[in-house]
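Engineer: Please see the structure below; I have some questions.
The values are calculated or read from the model by the stated rules, or taken from the named source; none is laboratory data. Since we're looking at a predicted model, the values are computed, not measured. As a convention, Cβ positions derive from the backbone with ideal geometry for all residues, glycine included, and neighbour counts pool all protein chains shown.
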């Protein structure tokens with residue numbers, strides 16, 4: 001597609017429910033990132049995928065958070081047993097590759113999913 | 001651990017004035033630094049990327065400088081327009097961070113009054 005696409009754009013859920021957030025990266029981009037932006041806070045790295053390599057999950061805040069990327073394209077971020085502190089904007093980004101640091105590639109972000117946990 | 005700070009947190013200027021946005025980072029071991037723009041309810045748009053070997057990058061009315069040794073970058077926006085109103089974020093790609101993970105500052109919220 002022309003840009004990074006995220007769905008839904010808004011999600012309201014009740015505390016304790018599970019949610020799934022979807023990201024469709026730019027076609028041909030092998031690297032995909034999830035970030036979280038909480039009110040009044042900067043962007044916080046969550047997880048990233050590079051090709052067929054094992055994902056870097058070092059930013060996931062708890063084991064209630066998980067993500068997968070099927071077929072090297074679409075990614076789903078799942079939050080189980082949501083808590084009110086999970087309320088935030090979840091942003092997905094993609095880039096062509098991280099194989100070569102020298103390329104200094106830009107990240108392209110989607111519009112995000114605004115998650116509200118009541 | 002890399003920390004990125006943006007001052008001021010908010011800025012209001014009349015149309016036509018030049019904007020100066022500051023970004024500082026604690027670890028000078030970086031590959032590059034990026035400036036992004038974020039409009040309300042929208043994602044981030046990359047404005048400029050400065051590689052660690054570069055001193056500045058220019059795009060139209062935007063100019064970003066980088067002083068890696070002192071851990072500072074400045075984004076200049078010349079002759080500001082109401083359409084420049086947005087939040088501006090800087091992010092560094094640190095050598096010690098695996099992959100292309102960026103560390104973001106908290107942003108500067110800019111309002112340009114007509």
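Engineer: List the strands (runs of 3 or more DSSP E) that sit entirely inside region B:8-114 and contain at least 3 residues that are more than 10 Å from chain A (Cβ to nearest Cβ) and within 22 Å of residue A:46 (Cα to Cα).
Structural biologist: Per the criteria, B:30-38, B:86-94.
Engineer: Could you please let me know if residue A:6 is within 16 Å of residue A:109 (Cβ to Cβ), at the interface with chain B (Cβ under 10 Å from one of its Cβ atoms), at pLDDT 95 or above and buried (at least 18 other Cβ atoms within 10 Å of the Cβ)?
Structural biologist: For residue A:6, the condition - within 16 Å of residue A:109 (Cβ to Cβ), at the interface with chain B (Cβ under 10 Å from one of its Cβ atoms), at pLDDT 95 or above and buried (at least 18 other Cβ atoms within 10 Å of the Cβ) - is met.
Engineer: If I ask for residues that are crowded, with 16+ Cβ neighbours inside 10 Å and at pLDDT 95 or above, which ones from region A:47-65 would you list?
Structural biologist: Matches in region A:47-65: A:65 only.
Engineer: For residues in region A:83-110 being assigned to a loop (DSSP other than H, G, I, E, B) and at pLDDT 90 or above, which is nearest to residue A:38 (Cα to Cα)? Let's see the steps before the verdict.
Structural biologist: Of region A:83-110, the ones assigned to a loop (DSSP other than H, G, I, E, B) are A:83, A:87, A:96-100, A:104-107, A:110.
Of the ones still in play, those that are also at pLDDT 90 or above are A:83, A:87, A:110.
Values: A:83: 13, A:87: 7, A:110: 16 Å.
Only one residue tops the list, namely A:87.
Engineer: Given the structure, is residue B:65 within 25 Å of residue A:36 (Cβ to Cβ), modelled with pLDDT of 95 or more and out of contact with any helix residue (DSSP H, G or I) (no Cβ under 6 Å at 6 or more places or on another chain)?
Structural biologist: no
Engineer: Of the conditions (1) without any contact (Cβ under 8 Å) to a residue 24 or more places away in the chain; (2) surrounded by 18 or more Cβ atoms within 10 Å (Cβ to Cβ), residue A:30 fails just one. Which one is it?
Structural biologist: Among (1) without any contact (Cβ under 8 Å) to a residue 24 or more places away in the chain; (2) surrounded by 18 or more Cβ atoms within 10 Å (Cβ to Cβ), the lone unmet condition for residue A:30 is (1).
Engineer: Identify all residues within region A:10-57 that are in a loop (DSSP other than H, G, I, E, B), over 13 Å from the mean Cα position of the chain (by Cα) and facing chain B (nearest Cβ under 10 Å); write none if there are none.
Structural biologist: Selection gives A:40, A:41, A:42, A:53.
Engineer: On to the next question. What residue, among those in region B:1-49 that are closer than 20 Å to residue B:62 by Cα and in contact with a helix residue (DSSP H, G or I) (Cβ under 8 Å, 6 or more places away or on another chain), is surrounded by the fewest Cβ atoms within 10 Å (Cβ to Cβ)?
Structural biologist: Ranking the qualifying residues of region B:1-49, first place goes to B:15.
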